[in-house]
Amino acid sequence: MSTFKLIWNCLFSPRLVKIYGSGPTEKLYEPTTFERWGDQVIHSLYIMWKITIYTSPFLTTFLYRKGYFVMDNLLTLSKGVGRCNNPTYLKFIKILREAQTNLSPSTKEQLSMYDFEFYGWPVEFRWSDVSKDSSKHRLYISRPVSHRSTFQYVSSIPCQIIGYLAIHSFGIRLVYPGSLSLLQTILAQGLLQGRSKLIEVNRGVRYKLRARDENDIDAMFVDRRHSTPNGHTLIICCEGNAGFYEVGIMGTPIEAGYSVLGWNHPGFGGSTGTPYPSEEQNAVDIVVQFAIHGLGFKPENIVLFGWSIGGYSSTWAAMNYPEIKGIILDATFDDILPLALHHMPKWTESIIRLSIREYVNLNNFEQLSKYPGPILIFRRSQDEVICTSEGDISTNRGNNLLVKLLKYRYPLIIGDSQIKLLEDYLSTTGTSQDQFIQKNNVNSDLCKSLIESYISEHSKSYPMRIGDEMDDDQKNQMTLFLASKYFKDYKSTHCTPLPADMFQMPWDVNVETDYLAKTTAVTLGKL
């Protein structure tokens, strides 16, 4: 290879950040002086102007006319010169080229020794790799039906235009601030440290997944199948609106001994794209497909774990993969619209309503209601983000999610008086909730037996028709029993990591036929 071609290849190869190894060999990559200066210039120009680098390697006069031989751009070219004189970098690009040409377990293992700009990482799993994926029918929630007259529709056109422009410029970044390049630059060192811990301490493996919309998704997998009792259950983590798998919620299930698959939203970290709902859906879709067909987990051994706005992508996946083991939602909401209205000026209400419903309709309940499996909701009792009135736990939108869910699943139990009872229960926390249940004389064993009896005689499908013959006292007991099973409180603020000792599988009813045959008649008479 000619010297000029080598310089050129080095110039346009990914920036090497760190070299992993065993014990003392783990270290940050040390660029040469020329390379370091060149990187600094390029990084500064990217942040300020996102300057375009010309790609013709042939004519010196062309480079001169375009300014490559002024001082700053000589430093840019010095990056390539510095790299081609650094044996460590030359070894890295040799391994990278081999992996890009022929990715095998051997080349993947060698490549995983390096941390570098993710755009250069070879794609390891594509949505088209699964032959039946293209024929799988996906479910989507519909926008609310508009009953506006023609005049109302025409007069709303200016708001529609403003809403579209707002969402597709700054609006989506207000909803997902983690997609801001400046924020990612500020967090870069922390993300590197978090990723290093996942790789060096937890033996995590990084993957690049290609979604249906051609976005690349940055994912990290920690395999515990052969090392812990819980390892055969995979937890797929869906982060918040400024969360990254490197410093997000993966730590909780890892500490609890589960296998864990984390990923970054489109536009976050190494993932490409922008976190519009359709791109979020495609991203979590390829992650679940990879878990099943790439990593070999059966759907019944997969649990979705969504924190905050990650509740949207996790409930979408649950809706489309109803056979999964369960879904855990932490510090999330029923619908983003009330939160958006709360945080924006009153005069913007009509634009906000239209913009959210048309372009960012993150309605977690609508999706969750279409999932027939076990569900667990965690609420933060001191949450400062999900409440619509600061310091008022009764305005936590997680409460609304629970009430809507129970009303949908058990419509003959949850009536108006039971909703009021639930609201009173949810306005308390900790030991006060336990006292509330005791005050209402909830017999948990009998409530559980009654549900088991119904399932044995009918099915687990929702909505259940149980409760038609119950009086109000019996319905009250069942309401509080169900709330205690679906809903857990954690005394903390929004961003505090969930402790591993609180992490648990969602409640499920396991029907034992012999037991039910003996207890059904007695249970119905005692409640």
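The values are calculated or read from the model by the stated rules, or taken from the named source; none is laboratory data. Keep in mind that what you see is a predicted model, and the values were worked out from it rather than measured. A quick note on method: Cβ atoms are made from the backbone with ideal geometry, for glycine too, and the neighbour counts reach across all protein chains shown.
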Q. In the stretch 251-268, how many residues are in contact with a helix residue (DSSP H, G or I) (Cβ under 7 Å, 6 or more places away or on another chain), in a loop (DSSP other than H, G, I, E, B) and surrounded by 23 or more Cβ atoms within 10 Å (Cβ to Cβ)?
A. 4
Q: Scan the stretch 457-469 residue by residue and report those that are surrounded by fewer than 17 Cβ atoms within 10 Å (Cβ to Cβ) and either under 33 Å from the mean Cα position of the chain (by Cα) or in a helix (DSSP H, G or I) (or both).
A: Glu457, Ser459, Lys460, Ser461, Tyr462, Pro463
Q: Mind listing whichever residues of the stretch 269-287 are crowded, with 24+ Cβ neighbours inside 10 Å, among the β-branched types (Val, Ile, Thr) and out of contact with any Lys or Arg (no Cβ under 8 Å at 6 or more places or on another chain)?
A: Val284, Val287
Q.
Can you pull out every residue in the stretch 369-387 that is closer than 15 Å to Leu426 by Cα and in contact with a His (Cβ under 9 Å, 6 or more places away or on another chain)?
A. Arg380, Gln382, Asp383, Ile386, Cys387
Q) What about Phe221, is it aromatic (Phe, Trp, Tyr), under 23 Å from Pro277 (Cα atoms), outside the structural domain of Gln504 (by TED's automatic domain parsing) and at pLDDT 95 or above? A) no
(Q) Against the condition outside any strand (DSSP E or B), in contact (Cβ under 8 Å) with a residue 12 or more places away in the chain, more than 24 Å from Tyr359 (Cα to Cα) and not aromatic (Phe, Trp, Tyr), how does Arg212 come out, does it pass? (A) no
Q | Ser444 more than 20 Å from Pro372 (Cα to Cα) and out of contact with any helix residue (DSSP H, G or I) (no Cβ under 8 Å at 6 or more places or on another chain) | A | no
Q. Does Leu182 count as surrounded by fewer than 20 Cβ atoms within 10 Å (Cβ to Cβ) and either modelled with pLDDT under 95 or outside any helix (DSSP H, G or I) (or both)?
A. yes
**Q.** Single residue of Phe290, Phe305 found to be modelled with pLDDT of 95 or more, touching a Pro at 6+ places or on another chain (Cβ under 8 Å) and crowded, with 24+ Cβ neighbours inside 10 Å
**A.** Phe305
(Q) Go through (1) of a type outside the set (Val, Ile, Thr); (2) free of Cβ contacts under 8 Å to residues at least 12 places away in the same chain; (3) under 22 Å from Ile167 (Cβ atoms); (4) assigned by TED's automatic domain parsing to the domain that holds Lys485 for Glu390 and report which single condition fails. (A) (3)
Q. Can you pull out the residues in the stretch 150-173 that are among the aliphatic types (A, V, I, L, M) and surrounded by fewer than 16 Cβ atoms within 10 Å (Cβ to Cβ)?
A. Val154, Ile157, Ile161, Ile162, Leu165
Q) Of the conditions (1) surrounded by fewer than 17 Cβ atoms within 10 Å (Cβ to Cβ); (2) on the phi < 0 side of the Ramachandran plot, Arg203 fails just one. Which one is it? A) (2)
Q: Select, from Ile217, Ile141, the only residue that is touching a residue at least 24 places away in the same chain (Cβ under 8 Å), in contact with a Leu (Cβ under 7 Å, 6 or more places away or on another chain) and not in a helix (DSSP H, G or I).
A: Ile217
Q. Which ones in the stretch 218-228 are over 17 Å from Ile302 (Cβ atoms) and of a type outside the set (Asp, Glu)?
A. His226, Ser227
Q. Leu192 passes all but one of (1) out of contact with any Ser or Thr (no Cβ under 8 Å at 6 or more places or on another chain); (2) under 17 Å from Phe305 (Cβ atoms); (3) in contact (Cβ under 8 Å) with a residue 60 or more places away in the chain; (4) surrounded by fewer than 18 Cβ atoms within 10 Å (Cβ to Cβ); which number fails?
A. (2)
Q. Has the stretch 124-137 got at least one residue that is outside any helix (DSSP H, G or I), at pLDDT below 95, in the same structural domain as Thr315 (by TED's automatic domain parsing) and among the hydroxyl-bearing types (Ser, Thr, Tyr)?
A. no
**Q.** Count - residues of the stretch 65-87 that are assigned to a helix (DSSP H, G or I) and either modelled with pLDDT of 90 or more or exposed (fewer than 12 other Cβ atoms within 10 Å of the Cβ) (or both)
**A.** 3
Q: Can you confirm whether the stretch 275-290 contains a residue that is under 30 Å from Arg173 (Cα atoms), among the polar types (S, T, N, Q) and not in a helix (DSSP H, G or I)?
A: no
